[in-house]
1. Return yes or no: is Glu106 among the acidic types (Asp, Glu), touching a Ser or Thr at 6+ places or on another chain (Cβ under 7 Å) and closer than 24 Å to Arg40 by Cβ?
2. Look at Val131 and say whether it is crowded, with 21+ Cβ neighbours inside 10 Å and aliphatic (A, V, I, L, M).
3. Could you give me the residue pairs with C-beta distances under 7 Å whose first residue belongs to the stretch 180-191 and is within 17 Å of Thr122 (Cβ to Cβ), whose second residue is assigned to a loop (DSSP other than H, G, I, E, B) and among the hydroxyl-bearing types (Ser, Thr, Tyr) wherever it lies, and which are 6+ apart or on separate chains?
4. Write out, first by first residue and then by second, each pair whose Cβ atoms fall under 9 Å of each other, whose residues are 6+ apart or on separate chains, and whose first residue, in the stretch 46-70, is at positive phi while the second is polar (S, T, N, Q) and not in a loop (DSSP other than H, G, I, E, B).
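The values are calculated or read from the model by the stated rules, or taken from the named source; none is laboratory data. Just so we're clear, the structure is a prediction, and the values are computed from it rather than from any experiment. Methodologically, a virtual Cβ is constructed for each residue, glycine included, from the backbone with ideal geometry; neighbour enumeration extends over all protein chains shown.
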Amino acid sequence: MTSNAPTREEAFQLLEEFNSNESLIKHALAVEAVMRYMARKRGEDEEEWGVIGLIHDLDYERFPDRHCTKTEEILHDRGWPEDYIRAVVSHGWGICSDVKPETDLEKTLYAIDELTGLVVTTALVRPSRSVMDLKAKSVKKKWKDKRFAAGVDRSIIERGAEMLGVELGELITDTIAGMREVAPEIGLEGEPA
């Protein structure tokens, strides 16, 4: 863990300072959970990965036209570690940033950011409205329908999986597994039977 690393509580307070949109906060929680899951799976620093996942879209609600750039400014002003800032900025590579993901952490964030959106949308059209019974094959089936979750850039997810050297199915399975850990907080635990 980096010295002067922010705590999860500090990151969440910062997230709430700049975001009031419930769906953006749920997205941040989903990405955080998947990053924590992936860190554990790879034997990496779960706290660092989680905090970076939590604040990756810090500026998106207030400054969508300056996405990543404004987060970089905010985090610099608050004395955040350079490696945290670089990781956050790298998730916008090719969209709003020219910082290419290089570490496993950065590649993972890049790969799963858009994917969490596709998983959420897929879960919400199921009778259970839940990630608890969702399988990768259901997400892959929806993947093929380009009109479904049309805002999700599938090429970014594919590029991210390729950078990580993992199959798309494995990445989807891991993303679902991470999101299950926060299903109640992100509204995807399903309807009571």
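1. Working: among the acidic types (Asp, Glu): yes; touching a Ser or Thr at 6+ places or on another chain (Cβ under 7 Å): yes; closer than 24 Å to Arg40 by Cβ: yes.
Taking the combined requirement at face value, the residue satisfies it.
2. Values: crowded, with 21+ Cβ neighbours inside 10 Å: yes; aliphatic (A, V, I, L, M): yes.
Yes; evaluated as a whole, the condition is true for this residue.
3. Gly190/Ser128; Glu191/Ser128
4. Pairs found: Cys68/Ser90; Cys68/Ser97.
This table checks each residue for (1) at pLDDT below 95; (2) farther than 21 Å from Thr7 by Cβ; (3) polar (S, T, N, Q).
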| position | (1), (2), (3) |
| --- | --- |
| Asp83 | no, no, no |
| Ser90 | yes, yes, yes |
| Gly94 | yes, yes, no |
| Val99 | yes, yes, no |
| Asp104 | no, yes, no |
| Ile112 | no, yes, no |
| Leu115 | no, yes, no |
| Leu118 | no, yes, no |
